[in-house]
Every structure is written in C-alpha cells, then in structure tokens.
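Note sheet for the following structure.
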Amino acid sequence: MASAPVITIDGPSGSGKGAVCAVIAERLGFALLDSGALYRVLGIAVHKAGVDLANHQAVAKLAGEMAIEFGRNGPDSVQLNGEDVSLAIRTDLGSDMASRVGAIPAARQALHERQLAFRQPPGLVADGRDMGTVVFPDAQLKIYLTASVEARAQRRYKQLIGKGIDAILPDLLRDLKERDARDSQRPVSPLKPAEDAILLDTTDMTLENVIARVMEFVQQRLPQVASQ
C-alpha cells in the first residue's frame, strides 16, 4: 500500500483543514483520514471509562481495544463501541481530551498503526497535526494550514453553534491558545509544519478559496491524479 499517493493537510484547530480535506478527498475519490477524530474518540473513551490520564499504559490499552466506526449514520457520524459519539467528540471536552491524550507517547503509538491502515488505493487525504511529519513522511504533497487564533476561534464558535452546541467565544479563544501551546510544545510529534510542506495562511480566505488553492497544489504535484 506504500505506493498509494498521500496528501497530508496539517495545522492547528480551526485552520479549516477538516472541511478542506473532506472536499479534496471527495473530488479525487481518495480515502479520508480524520486523525483528529481518532484522538477525540480516544479522549471521550478515556473520559467515559474513568481512566486516569497519568496511567499511560491504561490509556494506550484503551486506544488499542476501542471499536471505532465512521460513517454508519452519515458522513460525519462516529461510533465508539457501538455508541454514537458524533456530537460528543466535537464538544470542548472532546477537543481538550484529544489534546491531552495526544501528548501521551504510548497513546500516539497505539493509534499509529490504525492511521497507516487508511493508506489504500487510489490514494489518501490525511488531516491532522503530524500527518506530514510523522505518520506519512513520504507523502507526495504536504500542506500546512494556519490562521490567526482570533479567526480560528470565530470559526469554531460558528461551527459549534451551527450544531446546536453551546459555546462562549472568549472561552474558545482561551482554550485555543492553551491547546496551541500544549500541541506545539509536547515532546512527541509536536505541532509544526514538515520541512517540505507548503504553508497556507487561511485567515482572510473563504473555504472555497482554500479548496481552489489546494487543488492547484494537487495539479502541480500530482497531475496524473488531478486529471482523472
């Protein structure tokens, strides 16, 4: 499966990578890996099971044993051990727990093999924070999306309100700043662009603008794929 092309799109929360990846994968007919969802599901699993985050072995064990299913009840649906956690993983708790379990090396290793298995023909679009640096360092195209923390907080606020989830903008801004610091300073797989990644600041761009720009990159690096 190593020959299947991979496009990685990394970046901090709220940079737009999730929405961009979904559209790009659909247009190209590629598989989609939402690695953040895996960490969010693990975070919710840890919370539900009452596992102590300081017990790294127990967290890693849970990561290897939990049953995850995407798309059973729609494209955005996520099942954890048969329970629908689609909304739970998108709450502030889901975001915070994802960042916390993501800082545990044993948990990252346990999820690493699951991520690699998503690489299937005809190709894969991988969304995350270390897709281009750690999980798929041989990806044919690596993109790093970023945006001001204020713009990202606004996007997160609109996303949550749109899903019927209560949100307070100042709290989201504070949480994003804390998460940025935690994700970029963690000793294992810190949030940073790959050396060969294309950096794209989406602060003043619409989703349609970003998608169009990414498709230009695809045409440049993977012309045989873009022309199909």
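The values are calculated or read from the model by the stated rules, or taken from the named source; none is laboratory data. Just so it is clear, the structure is predicted and the values come from calculations on it, not from any experiment. Heads up, the Cβs are rebuilt from the backbone with ideal geometry, glycines too, and the neighbour counts pull from every protein chain shown.
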Discussion item. Suppose we keep only residues that are assigned to a helix (DSSP H, G or I) and modelled with pLDDT under 95 within segment 185-210. Which one would you say is farthest from Arg152 (Cα to Cα)?
Written reply: Gln185
Item to complete: Can you confirm whether segment 5-12 contains a residue that is of a type in the set (A, V, I, L, M, F, W, C) and either out of contact with any strand residue (DSSP E or B) (no Cβ under 6 Å at 6 or more places or on another chain) or surrounded by fewer than 17 Cβ atoms within 10 Å (Cβ to Cβ) (or both)?
Response: no
Worksheet entry | Subset of segment 143-172 that is over 19 Å from the mean Cα position of the chain (by Cα), among the hydrophobic types (A, V, I, L, M, F, W, C) and part of a helix (DSSP H, G or I) - its residue that is surrounded by the fewest Cβ atoms within 10 Å (Cβ to Cβ) | Ile161
Discussion item. Against the conditions (1) touching a residue at least 60 places away in the same chain (Cβ under 8 Å); (2) not in a loop (DSSP other than H, G, I, E, B), where does Ala139 fall short? Just the number, please.
Written reply: (2)
Practice prompt. Run Lys17 past the list (1) in contact (Cβ under 8 Å) with a residue 24 or more places away in the chain; (2) more than 19 Å from Arg129 (Cβ to Cβ) and report the number of the one that doesn't hold.
Written response: (2)
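For segment 203-220, indicate whether the set of residues that are of a type in the set (Phe, Trp, Tyr) and closer than 27 Å to Arg100 by Cα is non-empty.
Going residue by residue through segment 203-220, those that are of a type in the set (Phe, Trp, Tyr) are 217.
Now narrow it down to the ones that are closer than 27 Å to Arg100 by Cα: none.
No, because not a single residue in segment 203-220 is of a type in the set (Phe, Trp, Tyr) and closer than 27 Å to Arg100 by Cα.
Do we have Arg129 as closer than 28 Å to Val210 by Cα and of a type outside the set (A, V, I, L, M, F, W, C) here?
Taking the combined requirement at face value, the residue satisfies it.
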Discussion item. Among the residues of segment 122-135, are any farther than 26 Å from Pro187 by Cβ, more than 14 Å from the chain's Cα centre (by Cα) and modelled with pLDDT of 90 or more?
Written reply: yes
Item to complete: Tell me, yes or no, whether segment 91-112 has at least one residue that is at pLDDT below 90, touching a Phe, Trp or Tyr at 6+ places or on another chain (Cβ under 7 Å) and within 27 Å of Ile211 (Cα to Cα).
Response: no
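Kindly indicate which of Gln115, Gln224 is closer than 23 Å to Phe70 by Cβ and at pLDDT below 95.
Being closer than 23 Å to Phe70 by Cβ and at pLDDT below 95 holds for just one of Gln115, Gln224, which is Gln115.
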Response to the item:
Across segment 182-203, the tally of residues that are out of contact with any strand residue (DSSP E or B) (no Cβ under 7 Å at 6 or more places or on another chain), surrounded by 12 or more Cβ atoms within 10 Å (Cβ to Cβ) and under 25 Å from Ala106 (Cα atoms) stands at 9
Fill in: strands (runs of 3 or more DSSP E) enclosed by segment 16-120 - at least 1 residues per element that are crowded, with 17+ Cβ neighbours inside 10 Å and touching a Cys at 6+ places or on another chain (Cβ under 9 Å)
31-34
Worksheet item: Which one of these is within 19 Å of the chain's Cα centre (by Cα), in a helix (DSSP H, G or I) and within 28 Å of Val135 (Cα to Cα): Arg213, Arg182?
Response: Arg182
